[in-house]
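Written out below as structure tokens is the structure these notes cover.
The values are calculated or read from the model by the stated rules, or taken from the named source; none is laboratory data. Bear in mind the structure is a predicted one, so any value in this text is a computation, not a measurement. Ideal geometry is used to build each Cβ from the backbone, glycine not excepted, and the neighbour counts take in all protein chains shown.
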Amino acid sequence: MKLGVYNAILHDKPLPEALKTVASLGLEGIEINSGGFLPPVHIPVADLLSGAVSPADYLATFEDTGVSIAGLNCNGNPLHPDPEVGPEDADDLRNSIKVAGLLGIDRVVTMSGLPAAHAGGTWPAWHVNTWDSGYLDSQDYQWDEVAVPFWKEIDALARENGVKVAIEMHPQNLVFNPPTMKRLVDKVGATNVGAEMDPSHLFWQGIDPIKAIEWLGPLVFHAAAKDTRINPNCAIYGVLDDRFTRIPADQNPVSLGGKHVVNKWPEDSAWDFVAVGNGHDTDFWARFLSALNKIDPNMAVNIEHEDTAYSALEGLQIAADTLLAAKKSAGI
């Protein structure tokens, strides 16, 4: 099992410095962002595809660092109906798969995407509770007319390039929990599409990540180490807390493509993403790693740091210490 870091938190550093940071934490893998919501800071996707940079030259950067590439990450919404978002994210995913094939990398992480509610719609629609038959009609359109054809194409492209695409089960996407993950695989007849096991988004939905791993079994291709703390305010606001507010344009909110940006998190939040170990203890993470190890002893598990209470290095150090202790405890 290879423990590493998802590099988005290190985008302010040149790649060689980012690799030194990962190695200093006692970790050996780095998951490289290759497009989607974020630009590919540490990988020249276009130049690799055009031949302007050779795979050998790019991979030479990693030699003698003790750190190797543990997957590419292209999280975005490839099914977004906005023509400034969906097509670009879809192309980023296609290019990520092709680049992964060139580099001999066999994992690409992404999200399933979310279409509009109906043909001609201009905004993604997430139906979380389909008690009304109209929502099922809309889901039929989203899945059968939009998602399935796209993911059949992606599955074939991944197979052609010797890559497995690992989908993060993320709310605001068609695939957001284990049943929707399996639904996609079954509807597509996929051979090269499965799950990225990120427990953080399962925690706040009330899903047990260990049971999810056991239930999905070999459909788990890849994993993230990201923690969630459920706060006392959850007793009032619940997990579907909608009290997000707009971030003024002059404060440069993070872009999600086109005109779309990230909103401000509620100050008295129902739940928060926290450094690994600050939401769930070492015992949980030991059981998490053990469950993944039973699926694939070569599984890559990469830290994703989004705890605003800590700097990048502080949060990564807390997470690395927790995971290394958990790995030792699990005897992996």
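Results, tabulated for the structure shown:
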read-out	value
Considering residues of region 37-47 that are surrounded by 19 or more Cβ atoms within 10 Å (Cβ to Cβ) and of a type in the set (Val, Ile, Thr) only, the residue farthest from Gly258 (Cα to Cα)	Ile43
Pairs, first closer than 24 Å to Leu48 by Cβ and aliphatic (A, V, I, L, M) in region 71-98, second at pLDDT 95 or above and in a helix (DSSP H, G or I), C-beta under 6 Å, six or more apart	Leu72/Ser96; Leu72/Ala100; Ile97/Leu157; Ile97/Ala158
Counted residues, region 279-303 - those being polar (S, T, N, Q), out of contact with any helix residue (DSSP H, G or I) (no Cβ under 6 Å at 6 or more places or on another chain) and either buried (at least 20 other Cβ atoms within 10 Å of the Cβ) or assigned to a helix (DSSP H, G or I) (or both)	2
Residue that is nearest to Pro178 (Cα to Cα) [pool: residues in region 124-133 that are surrounded by 12 or more Cβ atoms within 10 Å (Cβ to Cβ) and either without any contact (Cβ under 8 Å) to a residue 12 or more places away in the chain or touching a strand residue (DSSP E or B) at 6+ places or on another chain (Cβ under 9 Å) (or both)]	Thr130
Residue in region 237-252 that is closer than 20 Å to Leu292 by Cβ, part of a loop (DSSP other than H, G, I, E, B) and in contact (Cβ under 8 Å) with a residue 12 or more places away in the chain present	no
Test for Ala18: is it within 26 Å of Lys152 (Cα to Cα), out of contact with any Cys (no Cβ under 9 Å at 6 or more places or on another chain) and part of a helix (DSSP H, G or I)	no
Answer residue from region 255-278, given it is among the small types (Gly, Ala, Ser) and part of a loop (DSSP other than H, G, I, E, B) and is surrounded by the fewest Cβ atoms within 10 Å (Cβ to Cβ) among those	Gly258
Criterion (crowded, with 22+ Cβ neighbours inside 10 Å and hydroxyl-bearing (Ser, Thr, Tyr)) met by exactly one of Ser68, Ser50, Ser54, Ser34	Ser34
Candidate set from region 123-180 (those that are in a strand (DSSP E or B) and of a type in the set (D, E, K, R)); member that is farthest from the chain's Cα centre (by Cα)	Lys164
For Trp271: the one exception among (1) at pLDDT below 95; (2) under 20 Å from the mean Cα position of the chain (by Cα); (3) over 30 Å from Ser68 (Cβ atoms)	(1)
Scan of region 75-93 for residues that are more than 16 Å from the chain's Cα centre (by Cα) and either of a type in the set (S, T, N, Q) or assigned to a helix (DSSP H, G or I) (or both), ordered by number	Gly86, Pro87, Glu88, Asp91
Qualifying residue in region 318-331 (condition: among the hydroxyl-bearing types (Ser, Thr, Tyr), surrounded by fewer than 19 Cβ atoms within 10 Å (Cβ to Cβ) and not in a helix (DSSP H, G or I))	no
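Okay, residues lined up against (1) of a type in the set (S, T, N, Q); (2) in contact with a Pro (Cβ under 6 Å, 6 or more places away or on another chain); (3) without any contact (Cβ under 8 Å) to a residue 24 or more places away in the chain:
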| position | (1), (2), (3) |
| --- | --- |
| Asn7 | yes, no, no |
| Leu19 | no, no, no |
| Gly51 | no, no, yes |
| Ala60 | no, no, yes |
